[in-house]
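Written below as structure tokens is the structure these notes are about.
The values are calculated or read from the model by the stated rules, or taken from the named source; none is laboratory data. The structure presented is a predicted model; accordingly, all values stated were derived computationally and were not measured. Quick reminder, even Gly has a Cβ in these numbers, built from the backbone with ideal geometry, and neighbours come from all protein chains shown.
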Amino acid sequence: MTGARASTGTSPPSAHAGQPLDQILRERFGFEGFRPHQEEVCRAVAGGADALLVMPTGSGKSLCYQ
């Protein structure tokens with residue numbers, strides 16, 4: 001497959017490791033709460049899982065990829 005990449009299943013070290021996601025959301029992004037599905041995806045990715053998020057335009061996908 002062209003453009004395919006292998007995944008090691010590991011995440012790069014984070015400057016915010018161990019910090020609660022809701023705290024990061026407030027301090028880094030200025031939001032008081034997650035939109036539907038954002039927290040679930042962010043927790044999965046922070047835990048080292050691969051994730052695919054399919055949501056409509058304007059629903060908050062970009063935050064999950066930060």
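General observations
- Which numbered condition G3 fails, given (1) modelled with pLDDT under 95; (2) surrounded by 14 or more Cβ atoms within 10 Å (Cβ to Cβ): (2)
- Filtering the stretch 6-37 to residues that are in a loop (DSSP other than H, G, I, E, B) and either in contact with a Leu (Cβ under 8 Å, 6 or more places away or on another chain) or at pLDDT 90 or above (or both) leaves P20, G30, F31, E32, G33, F34, R35, P36, H37.
- Filtered by the rule that a residue be surrounded by fewer than 11 Cβ atoms within 10 Å (Cβ to Cβ) and of a type in the set (D, E, K, R), the stretch 28-60 gives E32, D50.
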